[in-house]
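To keep things clear, I will list the structure first and then write my remarks on it.
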């Protein structure tokens, strides 16, 4: 339904309104002797952030879930939705699968299907936080008390084998990375030994790392709590770093913006991990209290901007080549509309961070001039870069106003008609 010809038609009436705004900000940046508008547009055009397969369906909580209708019933339909998202944004050129939520019988066929829709496969995600009869010895073994941290070596072996299977599947799909998030931990004091659990996880990750093919990376993802509330094995960036270092040279840390305690200084965490060469990727979302999985940039846009400032600092003026993905749970919104808004928020923060006068900022920092340092950051953050983001989308074949375009073509209504009102996507 949404192809480039349709997008071009929708853009036609908006282009005369967009161009004066682009010219205005371009002139403004020229006067400031800052990063030029064309440099920002080029950087945005090259940028891509993956969409996870589980995010094209409605999310839920332990209290309930309210499907929106027209949700994808198969992995192929999930790819269709991500392709639709990418047609609108021109910035979501890959999909990240979660196994066994997505476990294709014909990986090569699925890869060809995705390629026909200009979608590649981002990092693979293993799942050992739910029992799956096909991987847990037909139900005889359980992850109830952990997977890689379990006291029973048979359970640990099954968890390692599952991760190896996900890697092998990823090879057939054309992926080049594995993300490992573990629910392993303790709910009650004394339930298990902290050190023994950690050492078991480190050993398991080492075995998984040794299975990585050439060119592959592995990401350890930390989270302070949930579902283990007293103590989680990989609970913070320091634990994640220790596990990555123990696993091997191709293991690094993945930062999920919701996987931190309230008011954590995530940009400082980014700086630390980048400093030691173990920053591997990002899951973008936003939160008010915990792992809320809200729309990226909806609660803390300045924090998102500061994170991109640290990323560009780590890349010596450019965004480093990491695994970037949006990871959200769309409980109320249409999932694709939410992903559109998050993608724009990420692009805006990236563009704003590119405008920071870094030599001037460094001079202010060296002079201990806190007021000027703040002013330089605020000047970039308060710059309305939305016209540059829209122009980058337009040049890449996307929609100038993607949310408006999505609604105007009636995609959700068409999917409800095709897939049904009660279709429910697998996953969250």
Q: Please enumerate the residues belonging to the stretch 177-197 that are touching a residue at least 40 places away in the same chain (Cβ under 8 Å) and either crowded, with 19+ Cβ neighbours inside 10 Å or in contact with a strand residue (DSSP E or B) (Cβ under 7 Å, 6 or more places away or on another chain) (or both).
A: 177, 178, 179, 180, 181, 182, 183, 184, 185, 186, 192, 197
Q) Condition test on residue 170, is it in contact (Cβ under 8 Å) with a residue 24 or more places away in the chain and either assigned to a helix (DSSP H, G or I) or surrounded by fewer than 20 Cβ atoms within 10 Å (Cβ to Cβ) (or both)? A) yes
Q: Tell me, please, whether a residue that is at pLDDT below 95 and either in a loop (DSSP other than H, G, I, E, B) or surrounded by fewer than 22 Cβ atoms within 10 Å (Cβ to Cβ) (or both) can be found in the stretch 35-58.
A: yes
Q | Subset of the stretch 121-158 that is in contact with a strand residue (DSSP E or B) (Cβ under 9 Å, 6 or more places away or on another chain) and not in a loop (DSSP other than H, G, I, E, B) - its residue that is nearest to residue 212 (Cα to Cα) | A | 124
Q: Tell me, please, whether a residue that is without any contact (Cβ under 8 Å) to a residue 60 or more places away in the chain, under 15 Å from residue 149 (Cβ atoms) and within 21 Å of the chain's Cα centre (by Cα) can be found in the stretch 200-212.
A: no
Q. Is it the case that residue 256 is modelled with pLDDT under 95 and under 26 Å from residue 217 (Cα atoms)?
A. no
Q. Does the stretch 239-250 include one or more residues that are within 17 Å of the chain's Cα centre (by Cα), closer than 22 Å to residue 184 by Cβ and without any contact (Cβ under 8 Å) to a residue 60 or more places away in the chain?
A. no
Q: Using the structure shown, decide if residue 115 is at pLDDT 95 or above, more than 30 Å from residue 389 (Cβ to Cβ) and not in a strand (DSSP E or B).
A: no
Q | Hits in the stretch 312-332 (condition: modelled with pLDDT under 95 and either under 19 Å from residue 67 (Cα atoms) or under 13 Å from the mean Cα position of the chain (by Cα) (or both)) | A | 328, 329, 330, 331, 332
Q: Kindly check whether there is at least one residue in the stretch 282-299 that is closer than 30 Å to residue 249 by Cα, modelled with pLDDT of 95 or more and out of contact with any strand residue (DSSP E or B) (no Cβ under 9 Å at 6 or more places or on another chain).
A: no
(Q) Quick check on my filter: what residues within the stretch 78-102 are farther than 23 Å from residue 223 by Cβ and either at pLDDT below 95 or assigned to a helix (DSSP H, G or I) (or both)? (A) 78, 79, 80, 81, 82, 83, 84, 85, 86, 87, 88, 89
Q. (1) in contact (Cβ under 8 Å) with a residue 40 or more places away in the chain; (2) surrounded by 20 or more Cβ atoms within 10 Å (Cβ to Cβ): which one isn't true of residue 286, the others all being true?
A. (1)
Q.
If I ask for residues that are assigned to a loop (DSSP other than H, G, I, E, B) and farther than 12 Å from residue 150 by Cβ, which ones from the stretch 175-186 would you list?
A. 175, 176
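The values are calculated or read from the model by the stated rules, or taken from the named source; none is laboratory data. These numbers come from a predicted model, not from an experiment. Every residue, glycine as well, gets a Cβ built from its backbone with ideal geometry; the counts of neighbours run over all protein chains shown.
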